[in-house]
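Working notes for the structure below.
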Amino acid sequence: MTKQVEGIVMGLIAGFYDVQTESGIVRTRARGVFRKNKEKPTVGDHVQVQIDEQGTSYLVAIMPRQNLIGRPALANVSHVLLVVSAVEPDFSLQLLDRYLTFFSWQKVAVSIYLSKSDILAADKLQEIRHELDYYASIGYPVYDDWAKLAAELPKAITQDQIWTLAGQSGAGKSTLINHLKKDLKQETAAISTSLNRGKHTTRTVQLFSLGEGFLADTPGFSAIDFTPIKLNELCNYFSEFKKASVNCKFRGCQHLKEPRCAVKELVQEGKIRQSRYDDYLLMRNEIANGRMPEYLK
């Protein structure tokens, strides 16, 4: 007699899937039908596992996905905790805008955590905080205090939600997850100062229980490709552009050379940051050219 149980894929190890079920973790293999259908279960998937009388188990079905974020693959993401460093590697508004736009396209909410603020000069830190105040004003929760994040994050992750860490290599994601989960021993690595870039220390995707849901540790989503985004839809992934566009003269305004463009007017008034608009133009150029700039790869 066989039975079927449902669960969430927590990790993939050497071809085995660790599935969290109501009765605990089940380590299982996937049926060959997935390969035949060119499907692959991934971390975060809600799945069905079939267990026979001898205790042998097989992953037999993948439930419909909310989303699938690639490189690395992670399914059913509810929220991103975007880790941006104040220094080593240096804080970058351009990189921040890239991440926020990418996850807006994926329809995933984002909170921002500024790491390494304790090793930056006070005046430089104040400049970054001023920059981040703008992002808080357009709807992105911002944390730069570790104690506040540690206290609020478990409460924010509701039942079965999957949050993921994301951010530039070396920004401090593994250090952060070490703090959040004291029993983890994630490897951390020194920054490659010659390149001002970090080295990947997380090489697989894995879920950990936190709050009433899960937190994913990933290799970092370090290369973000905008080329699949439709050029005329890019402006919709800048939240303040989309809000202001209802007052543009032309429906579908791209905020370029159109007359009576509300977005450009707000940029001129300083109510939309010039850096956001400049990054929007850079992303448009990237999509139009069909390739990511070499320096961002």
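Nothing in this text is a laboratory measurement; each read-out follows from the coordinates by a stated rule. No experiment lies behind these values; they were computed from the predicted model shown. Ideal geometry is used to build each Cβ from the backbone, glycine not excepted, and the neighbour counts take in all protein chains shown.
When you restrict to C-alpha pairs under 8 Å that are six or more residues apart and normalise by the size of the chain, the relative contact order lands at 14 percent. The aspartates and glutamates within cross-link reach of K116, meaning a Cα-to-Cα straight distance under 12 Å and a gap of 8 or more places when in the same chain, are E88, D90, D144, D145. Dipole orientation for segment 1-144: of the candidates S85, Y99, Y113, Y99 has the Cα lying most toward the positive pole (charges on Cβ; Lys, Arg +1; Asp, Glu -1). The average projected area of the chain, computed from the convex hull of its Cα atoms over all directions, is 18.2 nm². Here the peptides 41-48, 271-278, 90-97 are ranked by packing, the mean other Cβ count within 10 Å, and the order with the highest first is 41-48, 90-97, 271-278. Between A288 and K148, the simple spin-label model (points 7 angstrom out along Cα→Cβ) gives 4.0 nm. Each peptide in 232-239, 113-120, 33-40, 18-25 gets a packing score, the mean of other Cβ atoms within 10 Å over its residues, and the list from highest to lowest is 113-120, 232-239, 18-25, 33-40. Round to the nearest 0.05 the FRET efficiency obtained for S209 and A136 when R0 = 25 Å and r is the Cβ-Cβ distance. Calculated transfer efficiency: 0.30. Around the Cα centre of segment 59-146, unit charges on the Cβ atoms of Lys, Arg, Asp and Glu (plus for the first two, minus for the last two) sum to a dipole of about 640 debye. Simple rule: put +1 on each Lys or Arg Cβ and -1 on each Asp or Glu Cβ in the chain, find the dipole, and look at L282, I229, A75; the Cα lying farthest toward the positive end is I229. Dipole size of the chain about its Cα centre, with +1 on Lys/Arg Cβ and -1 on Asp/Glu Cβ: approximately 940 debye, rounded to the nearest 20. When you restrict to C-alpha pairs under 8 Å that are six or more residues apart and normalise by the size of segment 27-76, the relative contact order lands at 37 percent. A simple spin-label model places pseudo-atoms 7 Å from Cα toward Cβ; at D90 and E22 they are separated by 5.5 nm.
The gain in end-to-end length when the K242 to T175 segment is fully stretched comes to 20.6 nm, 0.36 nm per residue minus the alpha carbon separation.
Rounded to the nearest 20 debye, the dipole size of segment 231-296 about its Cα centre is 300 debye, using +1 on the Cβ of Lys and Arg and -1 on the Cβ of Asp and Glu. Once you keep just the Cα pairs under 8 angstrom separated by 6 or more residues, what percentage relative contact order results for segment 231-296? Taking the mean separation of contacting Cα pairs over the length of segment 231-296, I get 27 percent.
Segment 70-133 and segment 3-69 have Cα centres lying 32 Å from one another.
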